[in-house]
Amino acid sequence: MLQVFNQYEMIYAELPFEVEISQVVFIDNGSCHELNDFVKSNLPALKHIFRHRKLEFCYMPAMFDDVMELEGKILYRMPWLKEVDYEKILKLRAIQSEEIESVVHGHSTDAEVVIREQDEKVLIKIDVSRPELYMEQFQHIARRYGDKISHALYSEQSSDPDIINLFFTLMEKKPKGVVREAIEKALVDEDVLSRVVIKKNCNVFLPEYNRMIKMRPMEKTLFFFYLRHPEGIAFKDLIDYRSEIYHIYGHLTNQSDLERIGASVDRLFELDSNAINEHRSRLKSAFEREFDSALAQQYYITGKKGETMNITLPRELVSWEIQF
């Protein structure tokens, strides 16, 4: 039981939609107009407060209002679309209305904030009797959960700029909760996988998504290497392929010093080094910056620690304009 201002109460919430980690959803049963007006009037400030703590603040009635933002989330989930027609927006808004009505009728308390912590949904009641403390209550919730949740998500690479940038990219682009479920329910009939074309200049292009995937030489080396090995290879066995990895990396890097090239490659095989996992995370980030993980996971290295790792993308979708 969490007590703050002697008014907060923590219980486990059952909701008709999913709440993702790093997402905060404000809901109410419509009885507290003053608090509702406060949230609507201060929505940009509240979003900023939670964003500063690496949390996304969502006010359900406004989640479908910004057409450009919604189009961006649809295209992030469905990158094969060239544009988003307005009929799709109307479908999503109809689903949103159903969800809001379900939430309103299912909750008797005045107002609540819902946060996902590990596998549980945590519900925090807002004290509606103290309007002068509205902002302070929201600030406390952001402090209380923000750093805790973001650290749990990215504890291993919390200082890696690529991971930090990905965190904020996903906060802006990735559809979550009600928005994601509406997109999946109303719009996604079947996922479309793009081909991968490795250009003569070694650029990685996905024509069906019209995306050029930017990555550093070592991440691109691992990407090319695993595309060449659809059978998959455990990280512990990569040292057996040193000469092949060295050859690919030497072709991609701007370095001319052979010893430095060799040292960069050898760091992948050092038992006390986390280099291989860091490069794997950056490779994942390169794709998830561009489109949703439901699709992206086909393009980066996946597998359990200590077991065979591979890229699951069907190789008939890979075209090489250059040979190593």
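The values are calculated or read from the model by the stated rules, or taken from the named source; none is laboratory data. All of these numbers come straight from a predicted model, not from anything done at the bench. Neighbour counts run over all protein chains shown; Cβ positions are idealised from the backbone, glycine included.
From the list A286, A234, the lone residue that is within 19 Å of the chain's Cα centre (by Cα), among the aliphatic types (A, V, I, L, M) and modelled with pLDDT of 90 or more is A286. The number of residues in the range 230-265 being in contact (Cβ under 8 Å) with a residue 12 or more places away in the chain and on the phi < 0 side of the Ramachandran plot comes to 24. If the condition is being of a type in the set (S, T, N, Q), over 14 Å from P79 (Cβ atoms) and in contact with a helix residue (DSSP H, G or I) (Cβ under 9 Å, 6 or more places away or on another chain), then the range 170-222 contributes only T221.
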